[in-house]
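Values in this text are rule-based calculations from the coordinates and carry no lab data. Predicted, not measured: the structure shown is a model, and the values here were computed from it. Heads up, the Cβs are rebuilt from the backbone with ideal geometry, glycines too, and the neighbour counts pull from every protein chain shown.
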Amino acid sequence: MTTPAGFPTHRPRRLRQTPALRRLVAQTRLHPSALILPVFVREGIEAPVPISAMPGVVQHTLDSLVVVARRAQQAGLGGLMVFGVPSHRDAVGSGADHPQGILNVALRAVRSATGDDLVLMADLCLDEFTDHGHCGVLADPGRRAGAATDDARRRFPLRGPLIDNDATLQRYAAMALAQADSGAHVLGLSGMMDGQVGYVRTALDAAGYADIVLLAYAAKYASGFYGPFREAVGATLRGDRTTYQQDPANATEALREVALDIAEGADLVMVKPAMPYLDIVRAVAHASAVPVSAYQVSGEYAMLEAAAANGWLDRQRVVMESLIGIHRAGAAQILTYHALDAAGWLEESRA
Ligand code: PBG
């Protein structure tokens, strides 16, 4: 029998005929254990406070945080990433490493509720705790990197707040010890200071915390998609983070950041945000010998929710599509504010 001219001999559609066939050949599968839920806990509130730019997400009380942690554990999530929202802030972010600081109190509450059954992660950064809202301590305005003389300082005055990288590392080390003491399994280093992973690793090891896992926000971009997060943590930042977070125009330096963090001892590396940076996720997944995570950030959540609320997009469908896309690009773990919903939908689809 001869094939009529032009008749297709290759029929990729064969493998798409039924849901069962499509399941059989699916290359990427999401599982609740790959999803990490970021949560906010706020000091001094009596009831959860909604975040208007993130419909469905709240600032938790200690009690409601513990409830959501138990739900995360029951849903089989990969982990919980906790951010603290303190009542008082100061120049060096004292609340970050104080045992009674809200984040440390919250870590103890969650750890005693869920033990080792849920991977408990803490955001390790100063921005929620500083009155100026930067991720590090500010350099003495009289000082300027590279300005060796008073004359040079006069002629080249500081333009904006300059972060004192190395002084910040000492604050991160103190914060790391407080978080380890409070029961965090994983510390999420999100400040983008040079040398932060190695510095914190050394401090933890010296204190007997060799088992604490470090998740390095290795390739973190200076992104407008963090907008709603500012409301979520009541941020006081004026200006931006362009002197420490990466320029969205750059790809190669992401690989440099990742290589440095791995060399310094990162156990996991992250790319952030996720959807606008899937090329980076892919490149890092190729280059990294440690698991690669991606953070679908607050603005990504807000976009999907806003469009769904308007009836412009099918919420469940686009949330799952966005997560499968991030996973397909190479992220083994995904931080997403949709983690609980997504885990529920995955459960339903298996039932
Ligand atoms: C810094 C930090 C930020 C986010 C996570 N960690 C804010 C920033 O870098 O400006 C943003 C997360 C999100 O937007 O969902 N501690």
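Between helix 102-114 and the chain there is an angle of about 40 degrees, using the helix long axis and the longest principal axis of the Cα atoms. The packing ranking, built from the mean of other Cβ atoms within 10 Å per residue, places the peptides 233-246, 280-293, 261-274, 16-29 in the order 261-274, 280-293, 233-246, 16-29, highest first.
With a simple spin-label model that places each label point 7 Å from the Cα along the Cα-to-Cβ direction, the separation between ARG350 and ALA91 comes to 5.3 nm. Distance between the modelled labels on ARG70 and ASP240, one decimal in nanometres: 4.4 nm (7 Å Cα→Cβ projection). Shown is the FRET efficiency for THR149 and ALA306, computed with R0 = 56 Å from the Cβ-Cβ distance and rounded to the nearest 0.05: 0.60. What 222 nm value per residue comes from the helices of the chain, counting each DSSP H run with n ≥ 4 as -39,500 (n - 2.57) and dividing by all residues, nearest 500 deg cm²/dmol? For the chain, the value works out to -11500 deg cm²/dmol. Applied to region 184-190, the Karplus parametrisation 6.51 cos²θ - 1.76 cosθ + 1.60 on θ = phi - 60° returns per-residue 3J(HN,Hα) values of 5, 8, 10, 10, x, 7, 10 Hz, with x for Gly and Pro.
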